[in-house]
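J.: Pasting a structure here, questions to come.
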């Protein structure tokens, strides 16, 4: 009885093992995906799907975009899609871009789309931008006319993606920078700011005629001035700053001249003191000269006394002159005026 029960369990065991093995095989071999591809009319071998597993390529990442491409009438092979995936590209986005380009009647080969995708560009967005142009708004641009008045403007640039220049072409930042440069140049060449305010389309025409989209990934369709306004009087401010700078320079030069005058005055005072010292030195030599003249007999004693009397008389006259009030004739002469008591 026990042997019969064990014999009955053996088929169940093998059946379970078979189910497990079938589940493992089905998990490794995407049979469901293969059936979906056959139902969609896409010819792909089961061996090819197994090879994708071995190359660590998710079959769904290749088969589903391939089904979309075949249904859209695109001539795309499995090897192209798998090579692009292994290169790090987005297969689904490339196929969507090819379908959008096909519907919009834009010539775009798979190799070109794959190169754009591998270059880091959004190829689907580029195709959409080719169909529906994009508007890029520049930041506030400040420029100064010849009369010194600042003009502030905001421009809107309508661009369309250039598929042929997406690889290696400059981006939106270059377009914004070039438009800003063109606005500054146009406003700067205007005689006055009123001409710019009266004809803002002059900026658009001048900037658009410069070919600013050269070397970029876009084609400029139009440049429109969204807003234009008057800013500061830069010319007057510069003149004011220049006048202030000139005033400071003049003050510095005046201070320099004053310092030189003070130094010269001090030098003159020192020279006067030096001359006085020489006079004092010369006066100190007079008694010595008199003594030497007396000693050598060149000057007599009476002559010396007469000289002393002359000096005393001179000193007395000086003292009387200092005592007499100015403008009073009574004080003139050799005798001082009498006191009236």
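J.: Given R₀ = 51 Å, what would the calculated FRET efficiency be for residue 192 paired with residue 109, taking r from the Cβ atoms and rounding to 0.05?
T.: Numbers: r = 53 Å, r/R0 = 1.05.
E(calc), rounded to 0.05, equals 0.45.
J.: Under the 0.36 nm per residue contour assumption, what length would be gained going from the current alpha-carbon distance of residue 262 and residue 86 to full extension?
T.: Details: separation 176, 0.36 × 176 = 63.36 nm, distance 8.80 nm.
Stretched fully, the residue 262-residue 86 segment lengthens by 54.6 nm.
J.: Relative contact order for segment 135-281 using alpha-carbon pairs under 8 Å, separation at least 6, rounded to a whole percent? Before the final figure, lay out each step's value.
T.: Numbers: 205 pairs, mean separation 44.0, N = 147.
Taking the mean separation of contacting Cα pairs over the length of segment 135-281, I get 30 percent.
J.: Place the peptides 184-191, 104-111, 255-262 in order of packing, highest mean first, counting for every residue the other Cβ atoms within 10 Å and averaging per peptide.
T.: 184-191, 104-111, 255-262
J.: In what sequence, highest mean first, do 54-61, 221-228 appear when ranked by Cβ atoms within 10 angstrom?
T.: Per-residue mean Cβ counts within 10 Å order the peptides as 221-228, 54-61.
J.: OK, next. So what's the back-of-envelope 222 nm ellipticity for the chain, counting only DSSP H runs of four-plus at -39500 (n - 2.57) apiece and dividing by all residues, rounded to 500?
T.: Details: 13 runs with 216 residues, N = 341.
Taken over the chain, the calculation gives -21000 deg cm²/dmol.
J.: Under a crude label model (7 Å from the Cα following the beta-carbon direction), how far is residue 289 from residue 56 in nanometres?
T.: 12.1 nm
J.: A further question on this structure: Using 0.36 nm per residue of separation minus the Cα-Cα distance, give me the extension gain between residue 306 and residue 323 in nm, one decimal.
T.: So the extension gain works out to 3.5 nm.
J.: Okay, next question. Arranged from highest to lowest average of other beta-carbon atoms within 10 Å per residue, in what order do the peptides 288-295, 311-318 appear?
T.: The packing order, highest mean first, is 288-295, 311-318.
J.: Something else now. For segment 36-163, what number results from the quotient of the Cα radius of gyration and 2.2 N^0.38 Å?
T.: Numbers: Rg = 21.4 Å, N = 128, 2.2 N^0.38 = 13.9 Å.
With N residues counted in segment 36-163, Rg over 2.2 N^0.38 Å equals 1.54.
J.: Between residue 93 and residue 205, what FRET efficiency comes out of the Förster formula 1/(1 + (r/R0)^6) with R0 = 35 Å and r the beta carbon distance, rounded to 0.05?
T.: Computed FRET efficiency for residue 205 and residue 93: 0.35.
J.: Taking only C-alpha pairs under 8 Å that are 6+ residues apart, what is the relative contact order of the chain in percent?
T.: Across the chain, relative contact order equals 10 percent.
J.: Go ahead and run the numbers for FRET between residue 165 and residue 227, Cβ-Cβ distance against an R0 of 30 Å, rounding to 0.05.
T.: After rounding, the FRET efficiency stands at 0.50.
J.: Calculate log10 I(q)/I(0) of the chain for q = 0.09 Å⁻¹, where I(q) comes from the Debye formula with a single equal point scatterer on each Cα and nothing for solvent.
T.: -0.84
Read-outs throughout are calculated quantities, based only on the coordinates presented, and are distinct from any laboratory measurement. Here the structure is a predicted model, which is why all the values come from computation and not from measurement. Neighbour counts are summed over all protein chains in view; Cβ atoms, including those assigned to glycine, are modelled from backbone coordinates with ideal geometry.
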